[in-house]
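Report on one structure; see the data block that follows.
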Amino acid sequence: MNVVPLERHHSVLSHIGLFFALSRTPHGLLDMATPALAALLWYGAFPPLRTVLLGFITAFAGYTAVYALNDLMDYRVDKLKRDQGGFQDTEDYLDAVLVRHPMAYNLLSFKEALAWALAWTFVALIGAYLLNPVCVVIFVVACLLEGAYCLMWRTSCLRTLVSGAVKTSGGVAAVFAVDHHPSITFLVMLFLWLFFWEIGGQNIPADWTDIEEDRSMRAKTIPVCFRPSHAASMVFACLLMTVVLSGVLAGFSRDEGGRVFYTGASLATGIYLLIVPAYRLLKEGARCRALYLFNRASYYPAVLLAAAVIRVMV
């Protein structure tokens, strides 16, 4: 009987890990809380088991594909940043839990990454179609917007608005997955809530971590194009809107008895995970504060999902 050496097993597992690093899977798993939360808030109860399982697979595939697409589009930019000594001081950065940008370090080839992204895109499309064909349209639009976002890196800092729109897609699609005719008002409130959270808690703070490299390469990001105080003010304003909208959104939940609970939980979570670190960034304007805010804000949907699950179970 042939025995595969332990070193080879380790090598294969390490290589597979690079694919998950490409898709920023630790962050993607946190992001999956967003569609689950949106569906739970609107539906007011746990959806059928088939919808839950299919939704989980589809959401994982979708986030895995889109994050991989981002690295594919930014492949040359990331290599330039690496050559300039970038991506070094990120040991406390959520997106660097695994290897950050493995393609830029020649740990994965472009063909391997493309095959990975296409495979998960196919899974996401099949799952989205089975949930609701509208979800297919939302996913395709999100992929196109992600591509546009990457191409705008040296064109306009308004790319942050595109990023906001991309991050809303998972939540909006999840609502259509559990209800083919949801409330337009709820969808609008959901879109705005996720839109401001992404810009203030994710996009601008993430760009802040690469500010030196982006400045030297003449990129168009909010931290590069505006003073630190102005960028921090935008962050604080966006996250303040996020917290306010979370309370408004809770009022549209079909779980009428849980609206007060959802409102209280969303306000408390928003203040702790968003407003407090955003205020510290506003006062100090330091890169470490932006990094701290990004990490805190990344857990925001997951904490709210935990609260929503507890409410439904009790």
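The values are calculated or read from the model by the stated rules, or taken from the named source; none is laboratory data. In this text the structure is predicted, and so the values were computed from the model without any measurement. Because the Cβ atoms are built from the backbone with ideal geometry, glycine has one as well, and the counts that use them run over all protein chains shown. What goes into the accessible areas is simple: the full protein's heavy atoms, side chains included, and nothing from ligands, DNA or RNA. Shrake-Rupley method; radii C 1.70, N 1.55, O 1.52, S 1.80 Å.
For region 178-314, the relative contact order comes to 29 percent (Cα pairs under 8 Å, sequence separation of at least 6).
Of the listed peptides 256-262, 244-250, what is their order by residue-averaged count of other C-beta atoms within 10 Å, with the highest listed first?
The most tightly packed comes first, giving 244-250, 256-262.
FRET efficiency for the pair Val140 and Lys79, taken as 1/(1 + (r/R0)^6) with r the Cβ-Cβ distance and R0 = 30 Å, rounds to 0.60.
3J(HN,Hα) couplings calculated from phi for region 262-279 with the Karplus curve 6.51 cos²θ - 1.76 cosθ + 1.60 (θ = phi - 60°) are, in sequence order, 4, 4, x, 5, 5, 5, 5, 5, x, 5, 6, 8, 10, 5, 4, x, 5, 5 Hz; Gly and Pro show x. 3J(HN,Hα) couplings calculated from phi for region 183-192 with the Karplus curve 6.51 cos²θ - 1.76 cosθ + 1.60 (θ = phi - 60°) are, in sequence order, 5, 5, 4, 4, 4, 5, 5, 4, 4, 5 Hz; Gly and Pro show x. Full extension of the chain segment joining Val188 with Phe226 gains 10.8 nm, where the gain is 0.36 nm per residue of separation less the Cα-Cα distance.
Could you sort Arg254, Arg100, Arg296 by their accessible area in this structure, using a 1.4 Å probe and putting the largest first? Write out the running numbers ahead of the final one.
Numbers: Arg254 115, Arg100 25, Arg296 50 Å².
Of Arg254, Arg100, Arg296, the descending order of accessible area is Arg254, Arg296, Arg100.
Under a straight-distance cross-link criterion of Cα-Cα below 22 Å, which lysines are reachable from Lys111, leaving out those fewer than 8 residues away in the same chain? Those lysines meeting the cut-off are Lys79, Lys81. Ranked by solvent-accessible area (1.4 Å probe, protein heavy atoms only, all chains present), the residues Leu53, Leu108, Leu114 order from largest to smallest as Leu53, Leu114, Leu108. Approximating the spin labels as points 7 Å out from Cα along Cα→Cβ, the Ala115-to-Ala268 distance works out to 5.0 nm.
With one equal scatterer per alpha carbon and no solvent term, the Debye-computed log10 I(q)/I(0) for the chain at 0.15 1/Å reads -1.23. Extension gain, Val312 to Met217, is 29.3 nm, computed as 0.36 nm per intervening residue step minus the present C-alpha separation.
For the chain, the relative contact order works out to 22 percent when only alpha carbon pairs closer than 8 Å and six or more residues apart are counted. Region 159-237 and region 282-314 have Cα centres spaced 15 Å apart.
Only protein heavy atoms count here; on that basis, with a 1.4 Å probe, Phe252 has an accessible area of about 80 Å². With R₀ fixed at 45 Å, the C-beta to C-beta distance from Phe122 to Lys283 puts the FRET efficiency at about 0.45. Listed values for region 242-250 are Karplus-derived 3J(HN,Hα) couplings in whole Hz (6.51 cos²θ - 1.76 cosθ + 1.60, θ = phi - 60°), namely 4, 5, 4, 5, 5, x, 5, 4, 4, and x replaces Gly and Pro. When each of the peptides 145-151, 189-195 is scored by the mean number of other C-beta atoms lying within 10 Å of its residues, the order from highest to lowest reads 189-195, 145-151.
Helices in the chain, meaning DSSP H runs of at least 4 residues, each add -39500 (n - 2.57). Divided by all residues, the mean residue ellipticity at 222 nm is -23500 deg cm²/dmol.
By a 1.4 Å probe calculation restricted to protein chains, Thr269 has an accessible surface near 20 Å², given to the nearest 10.
For region 108-226, what does the relative contact order come out to in percent, with C-alpha contacts under 8 Å and a separation of six or more? Don't jump to the answer; show the numbers that get you there.
Working: 105 pairs, mean separation 31.3, N = 119.
Taking the mean separation of contacting Cα pairs over the length of region 108-226, I get 26 percent.
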